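Engineer: Okay, here's the structure, questions in a sec.
The values are calculated or read from the model by the stated rules, or taken from the named source; none is laboratory data. These figures come from a predicted structure and were not determined experimentally. All Cβ positions, glycine included, derive from the backbone under ideal geometry; neighbour counts span all protein chains shown. When the accessible area is computed, the model is the full protein with side chains, heavy atoms only, and any ligands, DNA or RNA have been set aside. Shrake-Rupley method; radii C 1.70, N 1.55, O 1.52, S 1.80 Å.
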Amino acid sequence: LADHYEAMEAYMHSLEQYGMNGPKPTYGDWLCYDVTDKTYIGVCYYAFDAYLMSGFSKVLSRCETKYEVRAAYYHHLREKILAHWRATYLREDGSLTEDTQTGYLLALAFGMIDEETEPALVENFRRRLRDKIESNDYCLSTGFVGTGILNQTLEKLGLHSLCYSLLLQTRDPSWLYSVRQGATTVWERWNSYTLERGFGD
């Protein structure tokens with residue numbers, strides 16, 4: 001951490017030019033079936049970056065006290081980003097403006113709400129995520145961003161059966177759908193090939 005701290009700080013400083021939104025991703029939740037706003041994704045990652053930097057600084061502060069100031073700085077930065085996130089994306093009824101599987105996954109995986117102080121809101125997000133999957137006929141609708149945190153987030157929330165329902169799904173979009181189409185490698189797109197349309201673009 002000490003060897004790379006200067007580079008990590010340079011990265012964080014580069015994010016500051018975008019304000020509370022963080023950088024706008026070019027691809028967002030690439031190849032998703034249900035679109036999540038790119039700026040929303042940027043805000044969530046910016047908050048998570050600040051969380052990581054605060055943690056890294058705390059670890060280093062055990063050896064050198066100069067890092068204590070940086071830990072406090074990044075903790076405060078994260079709090080500001082979270083306040084912006086709440087004001088921008090959290091509705092009064094406890095739902096998200098980004099009412100997608102990826103939207104709820106990012107909020108839950110990156111700790112955008114506090115599990116200890118807001119258990120009802122966490123449970124609401126958990127229920128909404130479950131409903132989004134069940135109403136989608138137990139299929140995922142995530143792209144690269146959401147898929148990467150899908151199953152471990154569901155496991156963390158105690159939704160183990162949903163993990164298996166998604167894993168063993170054979171309809172498009174799913175992992176086993178590509179296997180059923182004769183795939184021997186992981187495709188970039190969920191529907192790179194279909195029996196009805198052949199190869200995708």
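Engineer: Could you tell me whether Lys80 is free of Cβ contacts under 8 Å to residues at least 12 places away in the same chain, out of contact with any His (no Cβ under 8 Å at 6 or more places or on another chain) and more than 28 Å from Asn151 (Cβ to Cβ)?
Structural biologist: Values: free of Cβ contacts under 8 Å to residues at least 12 places away in the same chain: no; out of contact with any His (no Cβ under 8 Å at 6 or more places or on another chain): yes; more than 28 Å from Asn151 (Cβ to Cβ): yes.
When the stated conditions are applied, Lys80 does not pass them.
Engineer: Another one. Which members of the range 106-122 meet the condition of being at pLDDT 95 or above and open to solvent by 80 Å² or more (accessible area, probe 1.4 Å)?
Structural biologist: none
Engineer: Same structure, new question: Please go through the range 90-135 and pick out each residue that is without any contact (Cβ under 8 Å) to a residue 60 or more places away in the chain, under 20 Å from Asp49 (Cβ atoms) and in contact with a Gly (Cβ under 8 Å, 6 or more places away or on another chain).
Structural biologist: Scanning the range 90-135 gives a single hit, Leu105.
Engineer: On to the next question. Residue check, Cys139 against (1) open to solvent by less than 40 Å² (accessible area, probe 1.4 Å); (2) within 25 Å of Gly22 (Cβ to Cβ), all met but one. Which one?
Structural biologist: (2)
Each row is one residue, and each column tells you yes or no for (1) more than 30 Å from Tyr138 (Cβ to Cβ); (2) in contact with a Pro (Cβ under 7 Å, 6 or more places away or on another chain).
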| site | (1), (2) |
| --- | --- |
| Pro25 | no, no |
| Asp34 | no, no |
| Lys38 | no, yes |
| Phe56 | yes, no |
| Val59 | yes, no |
| Ser95 | no, no |
| Thr100 | no, no |
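Engineer: If a residue must be under 20 Å from the mean Cα position of the chain (by Cα) and assigned to a helix (DSSP H, G or I), how many such residues does the range 21-58 contain?
Structural biologist: Kept after step one, since they are under 20 Å from the mean Cα position of the chain (by Cα), are these residues of the range 21-58: 21-55.
Add one more test, that the residue is assigned to a helix (DSSP H, G or I), and what stays is 21, 38-55.
Final tally of qualifying residues: 19.
Engineer: Which residue, of Leu150, Leu108, Leu140, is in contact with a Leu (Cβ under 8 Å, 6 or more places away or on another chain) and in a loop (DSSP other than H, G, I, E, B)? First the steps, then the outcome.
Structural biologist: On the way: Leu150 fails: in a loop (DSSP other than H, G, I, E, B); Leu108 fails: in a loop (DSSP other than H, G, I, E, B).
The match here is Leu140.
Engineer: Kindly indicate which of Arg189, Arg130 is open to solvent by 40 Å² or more (accessible area, probe 1.4 Å) and either at pLDDT 95 or above or over 18 Å from Leu31 (Cβ atoms) (or both). Talk me through it step by step, then tell me what you get.
Structural biologist: Numbers: Arg189 fails: either at pLDDT 95 or above or over 18 Å from Leu31 (Cβ atoms) (or both).
After ruling out the rest, the residue left standing is Arg130.
Engineer: I would also like to ask the following. Given the condition more than 20 Å from Ala109 (Cβ to Cβ) and either surrounded by fewer than 20 Cβ atoms within 10 Å (Cβ to Cβ) or charged (D, E, K, R) (or both), answer yes or no: does some residue in the range 46-59 qualify? Quick ask: steps written out before the conclusion?
Structural biologist: Step one: of the range 46-59, the residues more than 20 Å from Ala109 (Cβ to Cβ) are 57-59.
Adding the requirement that they be either surrounded by fewer than 20 Cβ atoms within 10 Å (Cβ to Cβ) or charged (D, E, K, R) (or both) leaves 58-59.
Within the range 46-59 (the criterion being more than 20 Å from Ala109 (Cβ to Cβ) and either surrounded by fewer than 20 Cβ atoms within 10 Å (Cβ to Cβ) or charged (D, E, K, R) (or both)), the answer is yes, since at least one residue qualifies.
Engineer: Would you point out which residue out of Tyr74, Tyr33 is at pLDDT 95 or above, over 24 Å from Leu166 (Cβ atoms) and surrounded by 15 or more Cβ atoms within 10 Å (Cβ to Cβ)?
Structural biologist: Details: Tyr33 fails: over 24 Å from Leu166 (Cβ atoms).
Just a single option satisfies the conditions, and that option is Tyr74.
Engineer: Taking the range 77-105 as the search range and keeping residues that are among the hydrophobic types (A, V, I, L, M, F, W, C) and assigned to a helix (DSSP H, G or I), which one is surrounded by the most Cβ atoms within 10 Å (Cβ to Cβ)? Quick ask: steps written out before the conclusion?
Structural biologist: Kept after step one, since they are among the hydrophobic types (A, V, I, L, M, F, W, C), are these residues of the range 77-105: 77, 81-83, 85, 87, 90, 96, 105.
Right, trim to assigned to a helix (DSSP H, G or I) and you get 77, 81-83, 85, 87, 105.
Details: Leu77: 21, Ile81: 25, Leu82: 21, Ala83: 11, Trp85: 23, Ala87: 9, Leu105: 28.
Among those residues, the one meeting the criterion is Leu105.
Engineer: Output the residues belonging to the range 11-20 that are surrounded by 10 or more Cβ atoms within 10 Å (Cβ to Cβ) and either among the small types (Gly, Ala, Ser) or part of a loop (DSSP other than H, G, I, E, B) (or both). Outline the logic, then answer.
Structural biologist: Taking the range 11-20 and keeping what is surrounded by 10 or more Cβ atoms within 10 Å (Cβ to Cβ), we get 11-12, 14-16, 18-20.
Listed by number, the residues that qualify are Ser14, Tyr18, Gly19.
Engineer: Still on this structure, I have one more. I want to confirm something. Restricting to the range 169-182 and keeping residues that are part of a loop (DSSP other than H, G, I, E, B) and closer than 15 Å to Asn136 by Cβ, which single residue is most open to solvent (accessible area, probe 1.4 Å)?
Structural biologist: Looking at the filtered set, the residue picked out is Arg171.
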